[in-house]
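Written out below as structure tokens is the structure these notes cover.
The values are calculated or read from the model by the stated rules, or taken from the named source; none is laboratory data. All values derive from a computational prediction rather than experimental measurement. All Cβ positions, even for glycine, are placed from backbone atoms using ideal geometry, and neighbour counts span all protein chains on display.
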Amino acid sequence: MVPFRPSLNRLLKKSICFVVRPALLVRVPRAVIAAIVIASVLRCAPLEANGLIFNYRPVFKPYYDAAGAVKIAVREFERNGASRALIVDADSFQTGEIDASTIAFNREVEKEVWRKTPFASALYRYTAGQDGLIHNDGIIRAEGAAPGVFLTVDLCPSKRNFDRNLFTSTIGLPLKDKPIAIAVSGLWIERHRDEFNWIAGEARSNRLSVTWVNHSYSHPYRKGIPDEKNFLLSKGVDFDKEALGLEVLLLENGLLPSPFFRFPGLVSDRRALERLRALSLIPVGADAWLAKGRMPGPGSIILVHGNGNEKRGVKKLINFYKEKKGDFKEGRLTLKPLQDAFAR
């Protein structure tokens, strides 16, 4: 399954198409539409020749690798005619894409073994849920003592340019590594291809250490609608398609999705958490949403939007960097990768 991939033939089926703009309906010849669509397809081509993904599906298959470590295959798919798997290291939470045929399932990992791994423990703990509407569910701060903070940046769909200064200020910190968890939506990627490519390039050059957090594909939102009927709780939303579609988009662009998920609007319910567990995704909240005046302390998960919609939060983050520059330089404060927020 490859969600959200339109058919060019279907788009060009009729000789005359209608392009809708606010208060305007324009008849456009097929040749013009073809040029627009082809340009769009070329612009949205993967960053590398990784190949398109087909038959993308969730699985949960624990296994032992050659070194005896517990890994879990959480997705299977086909790419370039070969069977592939997305795996999670059950201790480090790191993901990887490997040849599915190299996985040895002949030695069973007993449930009592994989269930006690850090990854599975966190997955079950943070998807337990409760009745009714839930706000800010999931891990919101480090489970143990952490001499640092965890920076998460949300990229929801937006018409505005992204906050490049947020990223360059992070790159400029006096730290060897600059870990950042980016909760990205598929529509933001599609509508901000150049900005997405820039971030991915900074990650590939090791100027940023990016953990790609799933923020859903379309990040559904309707202004004025109560939370219990909004975001991913909206009527007609296909939860699995939203989550898996974003992963496919990342993989086709040569990037690895992490096993983490941030709910749009930080809004969820028991049913949504059950779907997360079925997809082997751990929800991530925050205890320091800067734009709402919540400043970070030791072990805080910081939330700031970098999509141009939250200038106040970006300004507070940059001021935080300036105020704590000495602490960063002397090693009293650091940025930590999101994986390190979980107890081992």
Residue pairs meeting the criteria (Cβ under 8 Å; at least 6 apart or on separate chains; first more than 14 Å from Ala145 (Cβ to Cβ), in the stretch 317-344; second among the charged types (D, E, K, R) and surrounded by 15 or more Cβ atoms within 10 Å (Cβ to Cβ)) = Leu335/Lys178
Taking helices (runs of 4 or more DSSP H) that do not extend beyond the stretch 147-218, which have at least 2 residues that are of a type in the set (Ser, Thr, Tyr)?
-> 164-171
Of a type in the set (Gly, Ala, Ser), part of a loop (DSSP other than H, G, I, E, B), at positive phi and surrounded by fewer than 18 Cβ atoms within 10 Å (Cβ to Cβ) - does that describe any residue in the stretch 76-98?
-> yes
By residue number, the members of the stretch 280-300 that are part of a strand (DSSP E or B) and charged (D, E, K, R) are none
State yes or no: is Asp227 charged (D, E, K, R), in the same structural domain as Gly148 (by TED's automatic domain parsing) and touching a strand residue (DSSP E or B) at 6+ places or on another chain (Cβ under 9 Å)?
-> yes
What is the number of the single condition among (1) at pLDDT below 95; (2) more than 17 Å from Gly265 (Cα to Cα) that Gly132 does not meet?
-> (2)
Under the condition of being free of Cβ contacts under 8 Å to residues at least 24 places away in the same chain and either of a type in the set (A, V, I, L, M, F, W, C) or part of a loop (DSSP other than H, G, I, E, B) (or both), which residue from the stretch 103-124 is surrounded by the most Cβ atoms within 10 Å (Cβ to Cβ)?
-> Arg115
Checking Gly265 against (1) at negative phi; (2) part of a helix (DSSP H, G or I), which single condition isn't satisfied?
-> (1)
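Conditions (1) of a type in the set (A, V, I, L, M); (2) free of Cβ contacts under 8 Å to residues at least 40 places away in the same chain; (3) outside the structural domain of Gly138 (by TED's automatic domain parsing), marked per residue:
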position	(1), (2), (3)
Ala181	yes, no, no
Ser205	no, yes, no
Asn214	no, no, no
Leu273	yes, no, no
Can you tell which of Leu333, Leu273, Leu303 is among the aliphatic types (A, V, I, L, M) and in a loop (DSSP other than H, G, I, E, B)?
-> Leu333
